[in-house]
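This report refers to the structure that appears directly beneath it.
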Amino acid sequence: MGALIEMKSRNEKAEPVVVEGGEKPVAPKPVDLKAWESAPKERTAAYFPTYSTVSKTMQTAMRGWVREWFTANPEILLRPHSVYPILVFQCTH
């Protein structure tokens, strides 16, 4: 297996906090997920329209992140077994 290539966090601009033993980056604030408790349940009329909108939005965002990731890591194109599934995802709607 090859080396894992990860996209760097978008929160890299966080100011480091000086702690005993060196500098440590500021952790991002936790995300409040309480909104999911009021999300439509399966077998309700609002379920499909809500989750299809969420799905389309997430896929659009992921396609943008994949584009950024390829730009930041062009060496991934040298690993066809890794890049083909990502390219298929990127090209589908």
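The values are calculated or read from the model by the stated rules, or taken from the named source; none is laboratory data. It should be emphasised that the depicted structure is a prediction, and the values quoted were computed from it without experimental measurement. With ideal geometry, Cβ positions are generated from the backbone for all residues, glycine too; neighbour counts draw on all protein chains shown. Heavy atoms of the whole protein, side chains included, go into the accessibility calculation; ligands, DNA and RNA do not. Shrake-Rupley method; radii C 1.70, N 1.55, O 1.52, S 1.80 Å.
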Rounded to the nearest 0.05, what FRET efficiency is calculated for Leu33 and Ile86 with R0 set to 35 Å and r the Cβ-Cβ distance?
-> 0.80
If you average 1/r over every pair of different alpha-carbon atoms in region 48-93 and take one over that average, what Kirkwood value in Å do you get?
-> 11.6
Rounded to one decimal in nm, the spacing of the 7 Å Cα→Cβ label points at Trp65 and Leu78 is 2.6
Roll a 1.4 angstrom probe over the protein heavy atoms and tell me the percent of accessible area of region 28-73 that is carbon or sulfur.
-> 65
Solvent-accessible area of Thr60 with every protein chain in place, 1.4 Å probe, in Å² to the nearest 10 | 100
Any chance you could look up the accessible area of Glu37 with a 1.4 Å probe, heavy atoms only, rounded to 10 Å²?
-> 140
